[in-house]
Amino acid sequence: MPFIFRWPTDGKPSPRQEILHNATPFNGALRVGDWKLVLNGTAPASADEEGAQPKANKKKKRAAAVETVELFNLADDPYEKKDLATVQPAKVKALRQRYDALAKQAVKPKNVKE
């Protein structure tokens, strides 16, 4: 079972409705309630790709690759095994709009050139 950190709330519901896990030019994630949107996550690689390239080449390939979007319902799937992005397009659209709005407010990484 994964480690889950819980903020002390004295038994009250969390005041946070959403959590921006990450927001870089290449990947990120947003959790809103039980839903988690993952952009360019670490989807399992095929056996042919695993270890086939050095890390530097993988980074270049990830930046140039087509964007991947995953959606998980963490209440039903806490281990993020079942991607619901294709069957929940409206939820993906809503979470992506919120992610984009939050990402614009986030501090840009220092190591990324524009």
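The values are calculated or read from the model by the stated rules, or taken from the named source; none is laboratory data. Note that the structure is a prediction, hence the values are computed from the model and not measured. Note: ideal-geometry Cβ built from the backbone for every residue, glycine included; neighbour counts use all protein chains shown.
Within the stretch 83-114, the set of residues being at pLDDT 95 or above, under 16 Å from residue 29 (Cα atoms) and not in a helix (DSSP H, G or I) comprises 83, 84, 85. Sub-9 Å Cβ pairs linking a first residue in the stretch 85-106 that is touching a residue at least 24 places away in the same chain (Cβ under 8 Å) to a second residue that is assigned to a helix (DSSP H, G or I) and surrounded by fewer than 12 Cβ atoms within 10 Å (Cβ to Cβ), at least 6 apart or interchain, number zero.
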